[in-house]
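The values are calculated or read from the model by the stated rules, or taken from the named source; none is laboratory data. Since the model is a prediction, treat every value here as computed from it, not as a measurement. Here Cβ is always computed from backbone atoms with ideal geometry, including for glycine, and neighbour counts include all displayed protein chains.
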Amino acid sequence: MSVSISGRFETRRDAEMAVEHLVQEYQIERTDIFIVAPGENNSAGARTAGSDAEAAEPSPERRSDATLNGPIEVSVDLQDDTQAEMIRSAFAEFGVRDPQED
């Protein structure tokens with residue numbers, strides 16, 4: 001049975017870290033992972049992080065043009081649900097938020 005597991009992340013960095021963890025640690029195929037902005041607008045997350053955040057010197061100044069229009073949604077399509085709990089655990093490790101919050 002096919003199943004899809006989804007989670008929303010506050011920052012692009014958290015979403016990317018969750019994806020890399022799934023690919024590198026759990027050998028989930030990248031073609032089975034989808035990343036979208038759940039609303040109508042493009043988004044880099046709900047708050048700045050990673051390359052959008054201010055860095056230590058001598059880095060360039062903090063960017064002010066990050067498109068912060070809400071969370072980033074990551075979903076994983078599986079052919080069976082044997083890996084579902086593992087995916088939920090990886091999402092939780094990187095701060096997945098409850099979809100009911102939106």
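The table below lists the values:
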quantity: Residue within segment 9-27 that is buried (at least 17 other Cβ atoms within 10 Å of the Cβ) and either at pLDDT below 80 or part of a strand (DSSP E or B) (or both) present; calculated: yes
quantity: Residues satisfying the stated conditions in segment 28-43, i.e. more than 19 Å from Thr82 (Cβ to Cβ) and in a loop (DSSP other than H, G, I, E, B); calculated: Ala37, Pro38, Gly39, Glu40, Asn41, Asn42, Ser43
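To keep it simple, each residue is scored yes or no on (1) at pLDDT below 60; (2) basic (Lys, Arg).
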{"position": "Ala56", "(1), (2)": "yes, no"}
{"position": "Pro60", "(1), (2)": "yes, no"}
{"position": "Arg63", "(1), (2)": "yes, yes"}
{"position": "Pro71", "(1), (2)": "no, no"}
{"position": "Thr82", "(1), (2)": "no, no"}
{"position": "Arg88", "(1), (2)": "no, yes"}
{"position": "Glu93", "(1), (2)": "no, no"}
